[in-house]
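The structure appears below as structure tokens.
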Amino acid sequence: MSFITVNKLWKEYGHTVVLENLNLTVEQGEFCTLVGASGCGKSTFLKMLLGQEQPTRGDLQLEGDTFPGEPDRNRGIVFQRYSVFPHLTVRQNVLMGLELEQKPFLGKLFGKARREALAKVDQMIEAVGLAHAANKWPHELSGGMQQRLAIAQSFIMRPRVLLLDEPFGALDPGIRRDMHQLILKLWRETGTTIFMVTHDLHEGFYLGTRLLVFDKVRNDPQQPEAFGATITYDLPIGQTDQQLYESIETSVSETARALSA
Ligand SMILES: Nc1ncnc2c1ncn2[C@@H]1O[C@H](COP(=O)(O)OP(=O)(O)OP(=O)(O)O)[C@@H](O)[C@H]1O
């Protein structure tokens, strides 16, 4: 049995078909990057994996059972921006998830439990390179540091599935490279299964283990909402076929033009 199974999955909003007939199996510990034109349903797919949206048709299974319909601690998500709490320091931001998990009503840990949690927090802050900023507030951090914090917040909960929605989209190229190294390190250490949306085809082509291309194979210019996107390529990362790269880039750009027309 696969870790995640996507079987004939459709997502529609009213008369608009966003995703059609998605089929996919993913093993535990894989790192899938998702690319595709803006608006073709990548975030919608992540939301279904998170439990925030339900499929219109088809199955989404985790170890053979239907995916839980509500977000839970098994699944974490990092967005492009602003997923940290502005009124908490770096340390408090990372601690908060552990406190809420162990004390859902009080939201506070005391004594030995707090000391143990703080030791884990400090280890995680160190792992993401924020030890020097542990007592800073989010507004005192650069964009890259805020994303390091958001990543620490997610990883401290040890999610089985981590969803990354363009997590590096707002960062400069140099910082992005550092973030790639960080995410690869944490992924290798934890074995978390990752799905990461990126708009950077190059990033999609070398980060992780597998590239999924979301694209429309059918398009009716008179009725653009009639057809959704599907997975048109499912490729192992590390293959360097320039012609394939260009053909995917052309196809995704054509869909992007059609969607924005
Ligand atoms: N709650 C909703 N209600 C109605 N339509 C929605 C809803 N959420 C998303 N959509 C539509 O679904 C389509 C896919 O959106 P989605 O955000 O998943 O695309 P995307 O590929 O992630 O785009 P981007 O790369 O720009 O983030 C869009 O046309 C969007 O307007």
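The values are calculated or read from the model by the stated rules, or taken from the named source; none is laboratory data. Quantities reported herein were computed from a predicted structural model and do not represent experimental measurements. For neighbour counting, all protein chains shown are included, and Cβ atoms are generated from backbone atoms with ideal geometry for every residue, glycine included. When the accessible area is computed, the model is the full protein with side chains, heavy atoms only, and any ligands, DNA or RNA have been set aside. Shrake-Rupley method; radii C 1.70, N 1.55, O 1.52, S 1.80 Å.
Count, please, the residues in segment 81-111 that happen to be of a type outside the set (A, V, I, L, M, F, W, C) and modelled with pLDDT of 80 or more.
8
Which number in (1) more than 15 Å from the ligand (Cβ to nearest atom); (2) under 30 Å from Gln146 (Cβ atoms); (3) open to solvent by 70 Å² or more (accessible area, probe 1.4 Å) marks the one condition that Asp65 misses?
For Asp65, the exception is condition (2).
Out of Glu53, Glu12, report the one residue that is modelled with pLDDT of 95 or more, more than 25 Å from Ile183 (Cα to Cα) and within 15 Å of the ligand (Cβ to nearest atom).
Being modelled with pLDDT of 95 or more, more than 25 Å from Ile183 (Cα to Cα) and within 15 Å of the ligand (Cβ to nearest atom) holds for just one of Glu53, Glu12, which is Glu12.
When you scan segment 41-56, do you find a residue that is part of a strand (DSSP E or B) and surrounded by 17 or more Cβ atoms within 10 Å (Cβ to Cβ), even just one?
The answer is no; no qualifying residue exists.
Considering only residues that are open to solvent by less than 20 Å² (accessible area, probe 1.4 Å), more than 14 Å from Arg148 (Cα to Cα) and part of a helix (DSSP H, G or I), which ones fall in segment 179-200?
If the condition is that a residue be open to solvent by less than 20 Å² (accessible area, probe 1.4 Å), more than 14 Å from Arg148 (Cα to Cα) and part of a helix (DSSP H, G or I), then no residue fits.
Does any residue of segment 166-178 turn out to be part of a strand (DSSP E or B), within 16 Å of the ligand (Cβ to nearest atom), open to solvent by 20 Å² or more (accessible area, probe 1.4 Å) and among the charged types (D, E, K, R)?
Step one: of segment 166-178, the residues part of a strand (DSSP E or B) are none.
Within segment 166-178, not a single residue is part of a strand (DSSP E or B), within 16 Å of the ligand (Cβ to nearest atom), open to solvent by 20 Å² or more (accessible area, probe 1.4 Å) and among the charged types (D, E, K, R).
Of the conditions (1) without any contact (Cβ under 8 Å) to a residue 12 or more places away in the chain; (2) under 25 Å from the mean Cα position of the chain (by Cα), Gly76 fails just one. Which one is it?
(1)
Out of Arg210, Arg176, Arg257, report the one residue that is modelled with pLDDT under 85, more than 24 Å from Lys120 (Cα to Cα) and among the basic types (Lys, Arg).
Selected residue: Arg257, the only one of Arg210, Arg176, Arg257 that is modelled with pLDDT under 85, more than 24 Å from Lys120 (Cα to Cα) and among the basic types (Lys, Arg).
Checking the condition more than 16 Å from the ligand (Cβ to nearest atom) and touching a strand residue (DSSP E or B) at 6+ places or on another chain (Cβ under 8 Å), which residue from Gly97, Gly36, Gly76 passes?
Unique residue meeting the criteria: Gly76.
Which one of these is among the small types (Gly, Ala, Ser) and touching a Ser or Thr at 6+ places or on another chain (Cβ under 7 Å): Gly76, Gly14, Gly41?
Criteria check complete, one pass: Gly76.
Collect the residues in segment 131-164 that are farther than 30 Å from Leu62 by Cα and part of a loop (DSSP other than H, G, I, E, B), keeping them in residue-number order.
Result: Ala134, Asn135, Lys136, Trp137, Leu141, Ser142.
Which of (1) within 14 Å of the ligand (Cβ to nearest atom); (2) loosely packed, with under 11 Cβ neighbours inside 10 Å does Ser253 not meet, given it meets every other one?
(2)
Could you list, in sequence order, all residues of segment 190-209 that are within 12 Å of the ligand (Cβ to nearest atom) and charged (D, E, K, R)?
Listed by number, the list holds a single entry, Asp200.
With respect to Ala229, is the statement that it is in contact (Cβ under 8 Å) with a residue 60 or more places away in the chain, closer than 23 Å to Thr25 by Cα and open to solvent by less than 50 Å² (accessible area, probe 1.4 Å) true?
It is true that Ala229 is in contact (Cβ under 8 Å) with a residue 60 or more places away in the chain, closer than 23 Å to Thr25 by Cα and open to solvent by less than 50 Å² (accessible area, probe 1.4 Å).
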